[in-house]
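Peer 1: So that we are looking at the same thing, I have put the structure below in structure tokens.
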């Protein structure tokens with residue numbers, strides 16, 4: 001309802017100003033009804049343009065009131081001139097509305113122009129009015145500029161409040177998202193940690209429960225136990241970061257120099273070809289490259305067990321090129337092959353890592369039934 005009233009207020013004021021201006025010019029300034037109506041419309045209609053075209057509205061209004069002052073002849077010395085009351089009212093309303101939409105210096109210039117035009121008319125046609133008529137015009141213009149300043153500040157305040165509310169809503173949404181992530185992290189830890197702990201315990205106790213196993217099998221059990229415990233440690237560390245725990249244990253991020261260990265732990269059938277000086281690659285690029293290779297090896301083991309995997313990392317003058325290619329699995333797997341469109345979480349994470357560095361990433365199936373992951377990570381200049 002309030003919005004409708006605000007929308008209807010300006011047209012209603014325009015109609016009222018037209019009628020009052022027509023009566024004023026006919027009764028007090030010896031104008032005929034048709035020209036009085038035309039001048040009244042010309043003075044009032046610019047009010048409707050103040051919000052969309054403030055400068056045009058002010059210009060048309062000033063021209064209309066100047067023309068009215070030139071053709072209007074007061075019927076008595078008691079009538080104000082050069083601005084009839086309705087002319088001054090129209091100009092004041094236009095100054096308030098148009099000035100609130102313009103900068104302070106522009107609205108001040110418009111007000112000064114109105115006062116200057118009044119002085120010019122009084123100097124040109126002194127027989128129609130005295131200089132005492134300049135004072136009420138100057139006071140009305142000053143009040144109009146003050147009102148325009150108030151409206152301008154109010155509009156700026158409303159914009160800032162709306163922006164602050166938007167920021168607060170964004171922060172509330174982000175906080176809720178972080179809380180949900182923390183809850184999911186706790187659930188993930190409770191579910192996965194139990195099974196990972198069982199894997200570690202069974203792998204560690206297997207050589208004692210199965211005393212006849214060979215040394216190679218014992219070493220394999222030891223590697224499985226170590227991998228499970230490393231996974232538990234990483235999970236607890238990530239959960240601490242999600243919770244914002246300042247006491248969480250911090251460890252250095254992996255580097256490209258550790259790729260050899262990563263490939264060796266991946267098992268037989270995985271080869272590494274390193275080209276160029278990888279030791280001096282910046283840490284941000286090195287961590288991204290390491291994680292992409294790590295996730296690619298995990299996908300190969302999961303979706304193509306037993307398949308040979310070739311890892312190639314090359315440093316050029318401007319980027320680090322990564323290629324991880326695996327053949328078809330040697331055993332039938334019930335897992336669904338990775339989707340080359342990136343719908344899998346692993347592929348999505350690799351693509352996001354590459355995008356953060358401004359690099360390129362692709363993952364596609366090969367005609368032989370295998371899979372190839374490539375990434376081009378630019379080096380900082």
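Every residue, every condition in (1) closer than 30 Å to residue 380 by Cβ; (2) at pLDDT below 90; (3) more than 39 Å from the chain's Cα centre (by Cα); (4) surrounded by fewer than 18 Cβ atoms within 10 Å (Cβ to Cβ), yes or no:
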| residue | (1), (2), (3), (4) |
| --- | --- |
| 261 | yes, yes, yes, yes |
| 271 | yes, no, yes, yes |
| 276 | yes, yes, yes, yes |
| 281 | yes, yes, no, no |
| 307 | no, yes, yes, no |
| 314 | yes, no, no, yes |
| 326 | no, no, yes, no |
| 334 | no, yes, yes, yes |
| 339 | no, yes, no, yes |
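Peer 1: A further question follows. Across region 349-372, what is the total count of residues that are in a strand (DSSP E or B) and either within 32 Å of the chain's Cα centre (by Cα) or surrounded by fewer than 18 Cβ atoms within 10 Å (Cβ to Cβ) (or both)? It would help to see each step written out before you state the result.
Peer 2: Filtering region 349-372 for residues in a strand (DSSP E or B) gives 360-365, 371-372.
From what is left, the residues that are either within 32 Å of the chain's Cα centre (by Cα) or surrounded by fewer than 18 Cβ atoms within 10 Å (Cβ to Cβ) (or both) are 360-365, 372.
Counting residues in region 349-372 that are in a strand (DSSP E or B) and either within 32 Å of the chain's Cα centre (by Cα) or surrounded by fewer than 18 Cβ atoms within 10 Å (Cβ to Cβ) (or both) gives 7.
Peer 1: Checking the condition surrounded by 20 or more Cβ atoms within 10 Å (Cβ to Cβ), touching a helix residue (DSSP H, G or I) at 6+ places or on another chain (Cβ under 7 Å), closer than 15 Å to residue 54 by Cα and assigned by TED's automatic domain parsing to the domain that holds residue 49, which residue from 137, 93 passes? Write out each step before concluding.
Peer 2: Numbers: 137 fails: closer than 15 Å to residue 54 by Cα.
Unique residue meeting the criteria: 93.
Peer 1: All but one of (1) at pLDDT 75 or above; (2) surrounded by 12 or more Cβ atoms within 10 Å (Cβ to Cβ) hold for residue 248, so report the exception by its number.
Peer 2: Looking at each condition in turn, residue 248 falls short on (1).
Peer 1: Same structure again: Any chance region 42-56 includes a residue that's more than 47 Å from the chain's Cα centre (by Cα) and at negative phi? Explain how you work it out, then say what you get.
Peer 2: At the first step, the residues of region 42-56 found to be more than 47 Å from the chain's Cα centre (by Cα) are none.
No; the residues of region 42-56 include none that is more than 47 Å from the chain's Cα centre (by Cα) and at negative phi.
Peer 1: Related question: Across region 40-70, which residue is surrounded by the fewest Cβ atoms within 10 Å (Cβ to Cβ) among those that are in contact with a helix residue (DSSP H, G or I) (Cβ under 7 Å, 6 or more places away or on another chain) and outside any helix (DSSP H, G or I)?
Peer 2: 51
Peer 1: What's the total number of residues in region 180-218 that are surrounded by 11 or more Cβ atoms within 10 Å (Cβ to Cβ) and more than 41 Å from the chain's Cα centre (by Cα)?
Peer 2: Initial filter on region 180-218 (surrounded by 11 or more Cβ atoms within 10 Å (Cβ to Cβ)): 181-186, 188-189, 192-193, 196-207, 210, 213, 217-218.
Narrowing the set further to residues that are more than 41 Å from the chain's Cα centre (by Cα) leaves 197-207, 210, 213, 217-218.
Counting residues in region 180-218 that are surrounded by 11 or more Cβ atoms within 10 Å (Cβ to Cβ) and more than 41 Å from the chain's Cα centre (by Cα) gives 15.
Peer 1: For region 150-160, indicate whether the set of residues that are surrounded by 13 or more Cβ atoms within 10 Å (Cβ to Cβ) and under 26 Å from residue 16 (Cα atoms) is non-empty. Spell out the reasoning first.
Peer 2: Within region 150-160, the first condition is being surrounded by 13 or more Cβ atoms within 10 Å (Cβ to Cβ), and the residues that meet it are 151-152.
Still in the list and also under 26 Å from residue 16 (Cα atoms): 151-152.
Checked against the condition, which is being surrounded by 13 or more Cβ atoms within 10 Å (Cβ to Cβ) and under 26 Å from residue 16 (Cα atoms), region 150-160 yields at least one hit.
The values are calculated or read from the model by the stated rules, or taken from the named source; none is laboratory data. Quick caveat: nothing in here was measured; it's all calculated off a predicted structure. Glycine gets a Cβ as well: all are built from the backbone with ideal geometry, and neighbour counts include every protein chain shown.
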